[in-house]
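A.B. asks: Before we start, here is the structure in question, set down as structure tokens.
The values are calculated or read from the model by the stated rules, or taken from the named source; none is laboratory data. Quick caveat, the model's predicted, so the values are computed rather than measured. Reconstructed Cβ throughout: ideal geometry from the backbone, glycine too, with neighbour counts over all protein chains shown.
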Amino acid sequence: MSEYTAHPTAVIDEGCTIGAGTRIWHFSHIMPGCTIGRNCNIGQNVVVSPQVKLGDNVKVQNNVSIYTGVECEDDVFLGPSCVFTNVINPRSAVNRRGEYLRTLVKKGATIGANATIVCGHDIGRYAFIAAGAVVTKEVPDHALVMGNPARRTGWMSEFGHKLNFDASGNATCPESGQRYTLKDDQVQRST
């Protein structure tokens, strides 16, 4: 008995590991050797390539391509039609399958609709990639980045709210009440 659910049109290749409570929707393709955690939601027309790793509670919206070399930690949100690359210099006539670069999307990060993540650039914990952004370098924890190429324009709380730091480098999330400090261009949640 399967502990996950999949629409009849989804293609799930042998050799996948899929956690309990995960839902896979219409026309998605889950390829061999990938690992999908518990309580994930894989939207319509999603491709999860071989050896991809998705943690628990990852939400993948419609039309997302997650290519070999990508790993998403727990609680990551991948917005509609966002895409990851895995070869830095692709050519049709040159086989570069052995040159896939790794991209790590850390816990709680959000990648907005139609964003592109160029391979080899990690996305920090609770970072927020705006819709349509093109990420071409590392993104720090809690950073809000937007544009092409993506540039940091602010900082985000764990609940997805823009943080407004005072002159002392302190901010409070308006939803959760969690407190944050900004020091040396890094954000940390206060204890």
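A.B. asks: Would you mind telling me which numbered condition in (1) buried (at least 18 other Cβ atoms within 10 Å of the Cβ); (2) more than 15 Å from the chain's Cα centre (by Cα); (3) among the β-branched types (Val, Ile, Thr) residue 5 fails?
C.D. replies: (1)
Let's see how each residue does on (1) in contact with a Lys or Arg (Cβ under 9 Å, 6 or more places away or on another chain); (2) modelled with pLDDT under 95; (3) in a helix (DSSP H, G or I):
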{"position": "80", "(1), (2), (3)": "no, no, no"}
{"position": "88", "(1), (2), (3)": "yes, yes, no"}
{"position": "108", "(1), (2), (3)": "yes, no, no"}
{"position": "120", "(1), (2), (3)": "yes, no, no"}
{"position": "125", "(1), (2), (3)": "yes, no, no"}
{"position": "132", "(1), (2), (3)": "no, no, no"}
{"position": "137", "(1), (2), (3)": "no, no, no"}
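A.B. asks: When you look at residue 105, is it touching a helix residue (DSSP H, G or I) at 6+ places or on another chain (Cβ under 9 Å), in contact (Cβ under 8 Å) with a residue 24 or more places away in the chain and either assigned by TED's automatic domain parsing to the domain that holds residue 145 or closer than 26 Å to residue 128 by Cα (or both), yes or no?
C.D. replies: In short, no.
A.B. asks: Now a separate question. Given the options 76, 70, 64, name the one that is surrounded by 21 or more Cβ atoms within 10 Å (Cβ to Cβ) and without any contact (Cβ under 8 Å) to a residue 24 or more places away in the chain.
C.D. replies: The match here is 64.
A.B. asks: Go through the residues of the stretch 43-53 one by one and say whether even a single one is of a type in the set (Gly, Ala, Ser), assigned to a loop (DSSP other than H, G, I, E, B) and either in contact (Cβ under 8 Å) with a residue 40 or more places away in the chain or closer than 18 Å to residue 119 by Cα (or both).
C.D. replies: Yes, the stretch 43-53 has at least one match.
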